[in-house]
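The values are calculated or read from the model by the stated rules, or taken from the named source; none is laboratory data. Keep in mind that what you see is a predicted model, and the values were worked out from it rather than measured. Every residue, glycine among them, receives a Cβ derived from its backbone with ideal geometry; neighbour counts consider all protein chains shown. To get the accessible areas, we keep the full protein, side chains included, count just its heavy atoms, and leave off ligands, DNA and RNA. Shrake-Rupley method; radii C 1.70, N 1.55, O 1.52, S 1.80 Å.
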Amino acid sequence: MEGKPPNGTGPMHVPLGHVVANEKWRGSQLAQEMQGKVKLVFEAGLTPVDFYLPSRSCILYVTEADLVAGNGYRKRLVRVRNKFTVLDLGMVLLPVASQMEASCLIIQLVQEQTKEPSKNPFLRKKRPLISELSLLRTVQQIPGVGKVKAPLLLQKFPSLQQLSNASIQDLEPVVGQAVAQHVHTFFTQSR
């Protein structure tokens, strides 16, 4: 497999529709459930990682037995964290009831990679960059709007004209009733 990380750690390039699995999963119910739905490639020496996905992410499968047995799973997490320090380490815990359910989740994660990014529920929604810092500072001057609510308003209403024309009902879902009233009053009194 191209781009195999040294000692089984670090990011790995996995083609769309493929999953690279640790050899220990060969013959498991999880692997059998994935066969035919995604291209499953087994590699030896992927420890501490169990599965690599096309999204340049990896999966560590921790069973209930691992949790009961002791700190072994924690050591795996630390090893992964130490190897991926230069990457965004957004570790997510997804509880599953069985290997079959885990296989369904992995298949769904892989299949979602082929979708358009805006329609992919697994990708984080990136906040659009605000083009002008002066616009952000201006919106922060509205009573009740600060560093947190100003970017939220500018995501929904990217210009002062759109923000000033917004009704209280338009503003409430973004900043709440009280701040929506402050914003609306600010612009209606200024006219």
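Things worth noting here:
- Any helices (runs of 4 or more DSSP H) falling wholly within region 152-191 and containing at least 1 residues that are out of contact with any Asp or Glu (no Cβ under 7 Å at 6 or more places or on another chain), modelled with pLDDT under 90 and open to solvent by 70 Å² or more (accessible area, probe 1.4 Å): 160-165, 177-190
- Checking Gln140 against (1) open to solvent by 70 Å² or more (accessible area, probe 1.4 Å); (2) modelled with pLDDT of 80 or more; (3) not aliphatic (A, V, I, L, M), the condition it does not meet: (1)
- Region 22-51: number of residues that are in a loop (DSSP other than H, G, I, E, B), at pLDDT below 90 and open to solvent by less than 30 Å² (accessible area, probe 1.4 Å): 4
- Region 25-73 - residue that is within 18 Å of Pro95 (Cα to Cα) and among the polar types (S, T, N, Q) and, of those, farthest from the chain's Cα centre (by Cα): Gln29
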